[in-house]
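Read the figures in this text as sums done on the coordinates, not as results from a lab. As the structure is a computational prediction, the values presented were derived from the model and not from experiment. For neighbour counting, all protein chains shown are included, and Cβ atoms are generated from backbone atoms with ideal geometry for every residue, glycine included.
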Amino acid sequence: MVLLLLLWGGATIPLSPSRIWPSAEIAPRGRQELASPSFALEEHGQFSRWSGEVPAAIRIVSYNVQLGRKLEQILALFRTHPELSRADVLALQEVVRDPRASGARILAERLGFDYVYLPGKRKGDREIGLALLSRYPLRDIERIVLPQERRRNDLPRVALGATLAIGATQIRIYTVHVQALVSRDMKVRQIGAVLQSALRQATPYRLIVGDFNTLTRGDWRAVDRLLREAGFFSALPGSTWTYRRLLIRMTLDWIYVQNMRVLGYGVAQEVTASDHRPIWAEVALSSPDERGAPNGCALALASPASFAVK
């Protein structure tokens, strides 16, 4: 277990429209003042051809792409996989940008999605961060600096938030990558920083998704309790696995929703383009009248037999 762990890899700062770079442009990198919360590292592009038609439901996919080492395979998955190719929103972790290319832009441009990318770690000339890709417009981009155990001269660990503008419906979504080799308390604090921001949003429809790095059952219970007390619930049961190293299987990746009906969910456990497995959930665009169930959620879960996508 120790060897496995060694192999693994707050303030809220809204980004005003002026901090979003024009379509498909990349913010300059070079030397940055890391102590300043407003340094421009975000990247934004618009490649979606959304017709304006409002769907009855949308599908969210969360995937730690393991530094995009198999980027072409990942691209093929999002084009051809029977479940992943139906995604409307991709929440990605461990997305790499370097002086030669941006993994987020490559995926967004080829798939025809709008996107936002934020780095959260630097290794040499590479930046490793988070991305949101969407068929629908992304509004009110937000960079959340998380409490963390940070190495000197490294970028601060962040979470990325945005609002999906789907007609008159607005859905707030956050993609996160919690630190792995830190205490349970630190993991709860990192999710808590994202939760605080989410609850300040005017829209009642909210999602917090990503790699929570819940290495133990206790980690997951602590994070789950925090989110449930705030009215969120997991779209996926905790009885499956999303990460495998040799014979060890763990559930590290989650999709938590608030005030939304879950119509289906799954883990593509046969996919090996990363050390993590992509997860997905399909959620209905509920009306306010449907928010009377416990925790503000009207559940309509798929059968467990459909959980592991084959």
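Enumerate by residue number the trypsin sites (Lys or Arg not before Pro) in the range 33-125 meeting two conditions: DSSP loop (anything except H, G, I, E, B), and at most 12 other Cβ atoms within 10 Å of the site's Cβ. All intermediate terms of the calculation are to be shown ahead of the outcome.
Working: sites: Arg49, Arg59, Arg69, Lys70, Arg79, Arg86, Arg97, Arg100, Arg105, Arg110, Lys121, Arg122, Lys123; in loops: Arg49, Arg69, Lys70, Arg100.
Listed in order of number, the matching sites are Arg49, Arg100.
For a quick check of your reading of the filter: which trypsin sites (Lys or Arg not before Pro) in the range 186-250 sit in a DSSP loop and have no more than 15 other Cβ atoms within 10 Å? Write down the numbers at each step before the final one.
Numbers: sites: Lys187, Arg189, Arg200, Arg206, Arg217, Arg221, Arg225, Arg228, Arg244, Arg245, Arg249; in loops: Arg200.
Those that pass, being in a loop and sparsely packed, are Arg200.
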Inset, instruction - List, in order, the whole-Hz ³J(HN,Hα) value for each residue of the range 88-105 obtained from phi through the Karplus relation with A = 6.51, B = -1.76, C = 1.60 and θ = phi - 60°; use x for Gly and Pro. - result: 9, 9, 10, 10, 10, 10, 6, 8, 9, 10, 9, x, 9, 7, 10, x, 5, 5
Inset, instruction - May I ask which residue of Val182, Leu146, Leu90 lies farthest towards the positive end of the charge dipole of the range 61-211, with charges of +1 (Lys, Arg) and -1 (Asp, Glu) on Cβ and the Cα centre as origin? - result: Val182
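Over all directions, average the projected area of the Cα convex hull of the range 54-103 and note it in nm². List each step's numbers first, then the result.
Details: hull surface 16.6 nm².
Quarter of the Cα hull surface area: 4.1 nm².
For the range 48-121, what does the relative contact order come out to in percent, with C-alpha contacts under 8 Å and a separation of six or more?
Once normalised by length, the contact order is 34 percent.
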Legend entry - Cβ-based exposure ranking for Glu142, Glu270, in which fewest neighbours within 10 Å come first: Glu270, Glu142
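Using the Cβ atoms and a cut-off under 10 Å, what net charge is assigned to the surroundings of Glu282, where Lys and Arg are +1 and Asp and Glu are -1?
Details: positive: Arg59, Arg86, Arg261; negative: Glu83, Asp88.
Here the count lands on +1.
Can you tell me the alpha carbon radius of gyration of the range 151-280 divided by the globular rule-of-thumb value 2.2 N^0.38 Å? Could the numbers behind the result be given before it?
Numbers: Rg = 15.0 Å, N = 130, 2.2 N^0.38 = 14.0 Å.
So the range 151-280 has a normalised radius of gyration of 1.07.
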Inset, instruction - Please give, to one decimal in nm, the separation of the simple spin-label points placed at Arg150 and Glu229, each 7 Å out from Cα toward the Cβ. - result: 2.6
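Could you check what % of the DSSP bridge pairs in the range 146-268 are antiparallel, to the nearest 5? List each step's numbers first, then the result.
On the way: 18 of 25 bridges.
Antiparallel: roughly 70 percent of the beta bridges in the range 146-268.
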Legend entry - Ranking of Met260, Met250 by count of other Cβ atoms within 10 Å, fewest first: Met250, Met260
Inset, instruction - Please work out the FRET efficiency for the pair Ser51 and Arg79, using the Cβ-Cβ distance as r and a Förster radius of 22 Å; give the result to the nearest 0.05. - result: 0.65
Inset, instruction - Report the percentage of all Cα-Cα pairs in the range 192-250 whose separation exceeds 20 Å, rounded to a whole percent. - result: 31
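Quick one: dipole size for the range 136-196, taken about the Cα centre, charges +1 on Lys/Arg Cβ and -1 on Asp/Glu Cβ, in debye to the nearest 20. Please list the in-between numbers first.
Values: 10 positive and 5 negative charges, 37 e Å.
Dipole of the range 136-196, to the nearest 20 debye: 180 debye.
Note the full-extension length gain between Thr203 and Trp241 as 0.36 nm times their separation in residues minus their Cα-Cα distance, in nm to one decimal. Let's see the in-between values first.
Numbers: separation 38, 0.36 × 38 = 13.68 nm, distance 3.13 nm.
Extra length from Thr203 to Trp241 when fully extended: 10.6 nm.
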